[in-house]
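Undergrad: Sharing a structure with you now.
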Amino acid sequence: MNEYPDTSFLCAVYRVQPNYIEAQAYRSTLTVPLPYTSLLEFEFLQATHLQVFLHAGDRTKGFSLQQANKIIGDWEFDCSTGLNQKFLYDAEAVNKYALSLSSLHTAHGGHRSLDVLHVATAVHLGAKVFLTFDARQKALAKIAGLKVPFK
(Lines give C-alpha, C1' and ligand atoms only; values in the text may rest on other atoms or scores of the structure.)
Protein backbone atom coordinates (compact mmCIF):
# COMPACT_ATOMS: atom_id res chain seq x y z
CA MET A 1 0.00 0.00 0.00
CA ASN A 2 1.35 3.40 -0.91
CA GLU A 3 -1.46 5.89 -0.11
CA TYR A 4 -3.93 5.98 2.75
CA PRO A 5 -6.69 8.62 2.90
CA ASP A 6 -8.41 10.35 5.77
CA THR A 7 -12.00 11.53 5.94
CA SER A 8 -11.24 15.01 4.59
CA PHE A 9 -9.86 13.43 1.43
CA LEU A 10 -12.85 11.09 1.05
CA CYS A 11 -15.29 13.95 1.56
CA ALA A 12 -13.51 15.95 -1.16
CA VAL A 13 -13.64 12.95 -3.52
CA TYR A 14 -17.36 12.35 -3.07
CA ARG A 15 -18.75 15.89 -2.89
CA VAL A 16 -18.01 19.16 -4.65
CA GLN A 17 -16.40 21.31 -1.96
CA PRO A 18 -13.05 23.00 -1.38
CA ASN A 19 -10.27 20.64 -2.51
CA TYR A 20 -12.66 18.65 -4.76
CA ILE A 21 -10.64 19.31 -7.92
CA GLU A 22 -7.37 18.50 -6.17
CA ALA A 23 -8.81 15.28 -4.68
CA GLN A 24 -10.26 14.19 -8.02
CA ALA A 25 -6.99 14.90 -9.82
CA TYR A 26 -4.98 12.91 -7.29
CA ARG A 27 -7.44 10.02 -7.30
CA SER A 28 -7.26 9.84 -11.09
CA THR A 29 -3.52 9.11 -10.81
CA LEU A 30 -4.01 6.06 -8.58
CA THR A 31 -3.40 2.74 -10.30
CA VAL A 32 -4.60 0.67 -7.33
CA PRO A 33 -7.82 0.79 -5.31
CA LEU A 34 -8.13 3.44 -2.63
CA PRO A 35 -7.62 1.68 0.71
CA TYR A 36 -9.87 2.15 3.71
CA THR A 37 -10.63 0.48 7.02
CA SER A 38 -13.85 0.01 8.94
CA LEU A 39 -12.84 2.97 11.14
CA LEU A 40 -12.34 5.29 8.18
CA GLU A 41 -15.58 4.12 6.60
CA PHE A 42 -17.43 4.74 9.87
CA GLU A 43 -16.12 8.29 10.20
CA PHE A 44 -16.85 9.11 6.54
CA LEU A 45 -20.43 7.81 6.72
CA GLN A 46 -20.98 9.39 10.15
CA ALA A 47 -19.78 12.75 8.82
CA THR A 48 -22.19 12.42 5.91
CA HIS A 49 -25.14 11.66 8.19
CA LEU A 50 -24.19 14.54 10.49
CA GLN A 51 -24.36 16.97 7.56
CA VAL A 52 -28.01 15.98 7.02
CA PHE A 53 -28.76 16.75 10.68
CA LEU A 54 -27.03 20.13 10.44
CA HIS A 55 -28.90 20.97 7.24
CA ALA A 56 -32.27 20.10 8.80
CA GLY A 57 -31.64 22.66 11.55
CA ASP A 58 -30.17 25.38 9.32
CA ARG A 59 -30.39 25.22 5.52
CA THR A 60 -27.13 27.18 5.21
CA LYS A 61 -25.23 24.30 6.84
CA GLY A 62 -24.57 20.72 5.78
CA PHE A 63 -26.47 19.19 2.90
CA SER A 64 -29.75 17.45 2.14
CA LEU A 65 -30.68 13.82 2.68
CA GLN A 66 -30.84 13.46 -1.10
CA GLN A 67 -27.22 14.64 -1.41
CA ALA A 68 -26.17 12.32 1.43
CA ASN A 69 -27.87 9.37 -0.24
CA LYS A 70 -25.98 10.11 -3.47
CA ILE A 71 -22.65 10.32 -1.62
CA ILE A 72 -23.33 7.05 0.22
CA GLY A 73 -24.54 5.35 -2.97
CA ASP A 74 -21.41 6.44 -4.85
CA TRP A 75 -19.23 5.22 -1.95
CA GLU A 76 -20.97 1.84 -1.85
CA PHE A 77 -20.71 1.47 -5.62
CA ASP A 78 -16.97 2.23 -5.58
CA CYS A 79 -16.47 -0.30 -2.75
CA SER A 80 -18.49 -3.00 -4.52
CA THR A 81 -16.66 -2.53 -7.82
CA GLY A 82 -13.19 -2.52 -6.28
CA LEU A 83 -12.35 1.15 -6.79
CA ASN A 84 -12.04 1.25 -2.99
CA GLN A 85 -10.58 -1.68 -1.07
CA LYS A 86 -11.22 -2.49 2.57
CA PHE A 87 -8.20 -3.50 4.66
CA LEU A 88 -8.31 -5.32 7.95
CA TYR A 89 -6.04 -4.04 10.69
CA ASP A 90 -4.93 -4.90 14.19
CA ALA A 91 -6.91 -2.42 16.30
CA GLU A 92 -4.83 -3.09 19.42
CA ALA A 93 -1.58 -2.34 17.58
CA VAL A 94 -3.08 0.80 16.03
CA ASN A 95 -4.41 1.98 19.39
CA LYS A 96 -1.03 1.38 21.05
CA TYR A 97 0.78 3.42 18.41
CA ALA A 98 -1.96 6.10 18.46
CA LEU A 99 -1.55 6.43 22.22
CA SER A 100 2.19 6.95 21.74
CA LEU A 101 1.60 9.60 19.06
CA SER A 102 -0.98 11.28 21.24
CA SER A 103 1.16 11.40 24.35
CA LEU A 104 4.11 12.82 22.40
CA HIS A 105 2.32 15.31 20.13
CA THR A 106 -1.29 16.16 21.01
CA ALA A 107 -0.60 18.53 23.91
CA HIS A 108 1.25 20.92 21.60
CA GLY A 109 -0.34 19.92 18.27
CA GLY A 110 -4.04 19.83 19.18
CA HIS A 111 -4.74 16.55 17.38
CA ARG A 112 -8.20 15.00 17.57
CA SER A 113 -8.69 11.34 18.51
CA LEU A 114 -9.81 10.02 15.14
CA ASP A 115 -7.11 12.00 13.34
CA VAL A 116 -4.46 10.33 15.49
CA LEU A 117 -6.05 6.94 14.86
CA HIS A 118 -6.08 7.48 11.07
CA VAL A 119 -2.39 8.43 11.03
CA ALA A 120 -1.58 5.43 13.23
CA THR A 121 -3.62 3.18 10.93
CA ALA A 122 -1.76 4.45 7.86
CA VAL A 123 1.60 3.72 9.49
CA HIS A 124 0.37 0.31 10.71
CA LEU A 125 -0.76 -0.66 7.20
CA GLY A 126 2.57 0.39 5.69
CA ALA A 127 1.39 3.45 3.77
CA LYS A 128 4.02 5.88 2.58
CA VAL A 129 1.66 8.74 1.65
CA PHE A 130 -1.18 10.16 3.75
CA LEU A 131 -4.00 11.89 1.88
CA THR A 132 -5.51 14.69 3.96
CA PHE A 133 -6.51 18.33 3.65
CA ASP A 134 -6.54 18.84 7.45
CA ALA A 135 -3.61 21.01 8.58
CA ARG A 136 -3.10 19.41 11.99
CA GLN A 137 -3.38 15.93 10.57
CA LYS A 138 -0.83 16.81 7.88
CA ALA A 139 1.60 17.88 10.60
CA LEU A 140 1.09 14.68 12.57
CA ALA A 141 1.40 12.51 9.47
CA LYS A 142 4.72 14.15 8.63
CA ILE A 143 5.96 13.59 12.21
CA ALA A 144 5.00 9.92 11.80
CA GLY A 145 7.14 9.69 8.64
CA LEU A 146 4.39 9.89 6.03
CA LYS A 147 4.48 12.09 2.96
CA VAL A 148 1.55 14.44 2.42
CA PRO A 149 1.07 15.58 -1.20
CA PHE A 150 -1.22 18.55 -0.56
CA LYS A 151 -0.20 22.02 0.64
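The values are calculated or read from the model by the stated rules, or taken from the named source; none is laboratory data. Note that the structure is a prediction, hence the values are computed from the model and not measured. In this analysis, Cβ positions are derived from the backbone assuming ideal geometry, glycine residues included, and neighbour counts consider all displayed protein chains.
Undergrad: Looking only at the stretch 50-69, how many residues end up being surrounded by 15 or more Cβ atoms within 10 Å (Cβ to Cβ) and either part of a helix (DSSP H, G or I) or among the acidic types (D, E) (or both)?
TA: Adding up the residues that qualify gives 5.
Yes/no matrix, rows are residues, columns are (1) modelled with pLDDT of 95 or more; (2) closer than 21 Å to Q85 by Cα:
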| site | (1), (2) |
| --- | --- |
| L104 | yes, no |
| A122 | yes, yes |
| L125 | yes, yes |
| V129 | yes, yes |
| A141 | yes, no |
| K151 | no, no |
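Undergrad: A further question follows. For V32, are the conditions met, namely being free of Cβ contacts under 8 Å to residues at least 60 places away in the same chain, under 17 Å from L125 (Cα atoms) and loosely packed, with under 12 Cβ neighbours inside 10 Å?
TA: yes
Undergrad: Let me spell it out: the conditions are (1) in a helix (DSSP H, G or I); (2) under 21 Å from D134 (Cα atoms), and P18 meets all of them except one. Which number is the exception?
TA: With (1) in a helix (DSSP H, G or I); (2) under 21 Å from D134 (Cα atoms) applied to P18, the lone miss is (1).
Undergrad: Oh, and also: Need the failing condition index for A122 against (1) touching a residue at least 60 places away in the same chain (Cβ under 8 Å); (2) under 19 Å from P18 (Cα atoms), just the number.
TA: (2)
Undergrad: Let me ask you something else. Would the stretch 27-38 turn up any residue that is touching a Pro at 6+ places or on another chain (Cβ under 7 Å) and part of a helix (DSSP H, G or I)?
TA: no
Undergrad: OK, next. If you scan the stretch 125-151, which residues turn out to be in a loop (DSSP other than H, G, I, E, B), in contact (Cβ under 8 Å) with a residue 24 or more places away in the chain and charged (D, E, K, R)?
TA: K128, D134
Undergrad: Small (G, A, S) and touching a strand residue (DSSP E or B) at 6+ places or on another chain (Cβ under 8 Å) - does that describe any residue in the stretch 31-48?
TA: Taking every residue of the stretch 31-48 in turn, at least one turns out to be small (G, A, S) and touching a strand residue (DSSP E or B) at 6+ places or on another chain (Cβ under 8 Å).
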